[in-house]
Amino acid sequence: MRKINASRARARKASSHHGPPRDRWVSLRKLIHEADVVVEIVDSRDVEGTRLRFTEKWIGSARLLIVANKADLLPEGAKVRTADRLFVISAKTAVPEEKKALLDAILSRTRKRPARALLLGYPNIGKSTLINSLSGRHAARVSPIAGTTKDVQWIRMNDELTIVDYRGVFPEKEERHSLVLKGAVNVHGDEEAYAYVIAAKIIASPVLRKWMEKEYDLKIADDTTPDGLLELMAERRKWYLKKGVLNIAEAARNIVRAMKQAPEL
């Protein structure tokens, strides 16, 4: 496996643990205090790994509704793995009945009308896409790049409900490679530094191996290494540099992007 320049790695590690500045944590706690309902959006593929436990403590159970998004990315027949009850949906494929059921679930958490619901979740968890799906219009900014939502957006759903979309947050001490797997940080231009961790995860997971083999029409042998997987991808897609050298950098960029649509995190 290729080695990352030590100084660059230390610099990334030093900067990877920073979520919003401290004053933003204060602002977030204020928004939580003022909200009638708090909707925590998690990823159906990794519910426990994308829960914001530190904000759940601030919220309390009475006002909290946990919604598992991206259910469409789960393998066919798979169920969301969690110990807690939650609402499961796909912002991209939800039918009107599912959207109404979610809006009703949000309103059921409070008697106040009109109610104000605060949406929280990791960057790129699909909060803005879900808001647009529920509202039936392009009300919130959407992008595949993590961190598109800047601080706070207010979106009126109907006469009974206004949704407050807050910027994506994550635990300050979470390792950067974990955030990359979740699509929670933008690593444009630095994908190769994380591609080998992702490749190793794919090789070790039967679900991800099957998905990768189908996605790229290749065969992953039992002795395939992370380097070998990237080479297989480059060969299969005919990504070459001059003189027939495999373009591993392009494979690295592709595998990082592809994980956003993987059936497992």
Across the range 31-65, what is the total count of residues that are buried (at least 17 other Cβ atoms within 10 Å of the Cβ), among the acidic types (Asp, Glu) and touching a Ser or Thr at 6+ places or on another chain (Cβ under 9 Å)? 3
Matching option when the condition is within 22 Å of Val47 (Cβ to Cβ) and modelled with pLDDT under 95, among His177, His188: His177
Restricting attention to the range 164-179, which residues are assigned to a strand (DSSP E or B) and either touching a residue at least 60 places away in the same chain (Cβ under 8 Å) or within 15 Å of the chain's Cα centre (by Cα) (or both)? Val164, Tyr166
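Matching residues to (1) in contact with a Lys or Arg (Cβ under 7 Å, 6 or more places away or on another chain); (2) among the hydrophobic types (A, V, I, L, M, F, W, C); (3) within 30 Å of Val187 (Cβ to Cβ); (4) part of a loop (DSSP other than H, G, I, E, B):
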position	(1), (2), (3), (4)
Gly77	no, no, no, yes
Arg81	no, no, yes, yes
Lys99	no, no, no, no
Arg113	no, no, no, yes
Ala117	no, yes, no, no
Leu120	no, yes, yes, no
Leu130	no, yes, yes, no
Arg137	no, no, no, yes
Where the second residue is surrounded by fewer than 19 Cβ atoms within 10 Å (Cβ to Cβ) and the first is of a type in the set (Phe, Trp, Tyr) and lies in the range 41-56, which pairs have Cβ atoms under 8 Å and are six or more apart or on separate chains? Phe54/Pro171
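The values are calculated or read from the model by the stated rules, or taken from the named source; none is laboratory data. What you are looking at is a predicted structure, and each value in this text was computed from that prediction instead of being measured. FYI the Cβ positions are ideal-geometry reconstructions off the backbone, even for glycines, and counts take in every protein chain you see.
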